[in-house]
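Since the structure comes first, as structure tokens, the remarks are kept for the end.
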Amino acid sequence: IMENDPHSILEGMAICAHAIGSKKGYIYCRGEYPQVVKILKQAISQAKDKGVLADFDIEVRSGAGAYVCGEETALIESIEGKRGEPRFKPPYPPAQGLWGKPTIVNNVETFANIPVILEKGSEWFASIGHPSYPGTKVFTFTGDINNKTFIEVLTNTTVRELVYKFGGGIPGGKKFKAVQIGGTSGAFIGEDKLDNPVAFDAMAAIGATLGSGAVFVLDETRDIVDVVARIAGFFEHESCGKCAPCREGTARIAQLIKKINDGRGSHSDISLIEKVGRVMSYSCLCGLGQAAPTPVLTTISQFKTDYNAKFI
Ligand code: SF4
């Protein structure tokens, strides 16, 4: 959206600003995407030249790439020039956010939806996609999938359609094994759940989320325990360390899953991972820690054969 339709974001932000009486907006972008920052700055300059933003100013701020800065209060801290760590809540950003002022934080996809809803009407928007979660969703295809691209689909699209119809299926005629939806902390879904629609409620019903819309496909040859061991290592690294359940929990899970992956684990390690994961989901301060165990936990529950193979 930022690369190909940046003006839809600016327009959505300007409409939001008009609604809440704001004069200043920020687009927070990971520092690894300088090209996107360039495109956004150019679009802002074009919009200013045309006078369509009136007295609303938009600024692009680059982060240093910390995963936790996707959490709204860590993002706010980062924009304020501080270390990107989540704040204790409440107060929530709409009451006390950036520079201590009431703040709305949305992702670019949400803002990009606003102009078309105003133009075509809320009834039109409510009539497309899944009834419980109308509209569209953008997905990015990665992993063992033929079409490594991004696509916008109606929310009544099934996961199977994502993988086979839009993603073009698995390369080399191999069989499907699993798909992780929603980004690195998303749930892994097996073959039996492929006919689930990608609507928010329907995904929640199978323990999954839409998250960033990343669709990471694994074919039959992939070692799923090895994959989640790498993911666990990622979260150990990305935990900001502010709260103990995440700081300790991500490290312990990474340690235990590595032990299992190396063939040194036992069934009691699985029980311990499940226990630590449960504690983290209840007690971590922010979404990073709460969701970090999801890839490991969802594969333990659905891919027992792969785990058992590590114990032989
Ligand atoms: S859950 Fe993890 S990332 Fe979030 S505040 Fe706690 S330590 Fe930091």
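FYI, it's all coordinate maths here, none of it is from the lab. Being a predicted model, the structure only gives us computed values, none of them experimental. Positions of Cβ are generated from backbone atoms using ideal geometry, with glycine treated the same way; all protein chains shown enter the neighbour counts.
Computed values, structure above
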{"quantity": "Cys284, Cys240 arranged by Cβ crowding within 10 Å, fewest neighbours leading", "calculated": "Cys240, Cys284"}
{"quantity": "Angle in degrees between helix 224-238 and the longest Cα principal axis of the chain, rounded to the nearest 10", "calculated": "50"}
{"quantity": "CD proxy at 222 nm, helix term only [per DSSP H run n ≥ 4: -39500 (n - 2.57); per residue of the chain; nearest 500]", "calculated": "-13500 deg cm²/dmol"}
{"quantity": "Prolate/oblate/rounded call for segment 91-217, Cα gyration tensor, a/c under 1.5 rounded", "calculated": "prolate"}
{"quantity": "Taking the convex hull of Cα positions in the chain, its mean projected area over all directions (nm²)", "calculated": "16.8"}
{"quantity": "Partners for Lys82 among lysines (Cα-Cα distance below 18 Å; same-chain residues under 8 apart left out)", "calculated": "Lys101, Lys242"}
{"quantity": "Principal-axis tilt of helix 244-261 within the chain, Cα atoms, nearest 10 degrees", "calculated": "40"}
{"quantity": "Relative contact order [Cα under 8 Å, 6+ residues apart], the chain, whole percent", "calculated": "13"}
{"quantity": "Sum of side-chain charges, Ile114 neighbourhood, beta-carbon under 12 Å (Lys, Arg +1; Asp, Glu -1)", "calculated": "-2"}
{"quantity": "Largest-first principal axis extents, alpha carbons of segment 224-310, Å", "calculated": "36, 20, 18"}
{"quantity": "Sequence-distant aspartates and glutamates (8 or more away, or on other chains) whose Cα lies within less than 19 Å of Lys177", "calculated": "Asp144, Glu161, Glu191, Asp192, Asp195, Asp219, Glu220, Asp223, Asp226, Asp306"}
{"quantity": "Whichever aspartates and glutamates have a C-alpha closer than 20 Å to that of Lys89, once near sequence neighbours (fewer than 8 apart) are set aside", "calculated": "Glu71, Glu72, Glu77, Glu80"}
{"quantity": "Alpha-carbon centroid distance for the pair segment 223-261 / segment 35-59, whole angstrom", "calculated": "40"}
{"quantity": "Relative contact order (%) - segment 224-310, alpha-carbon pairs under 8 angstrom, separation at least six", "calculated": "36"}
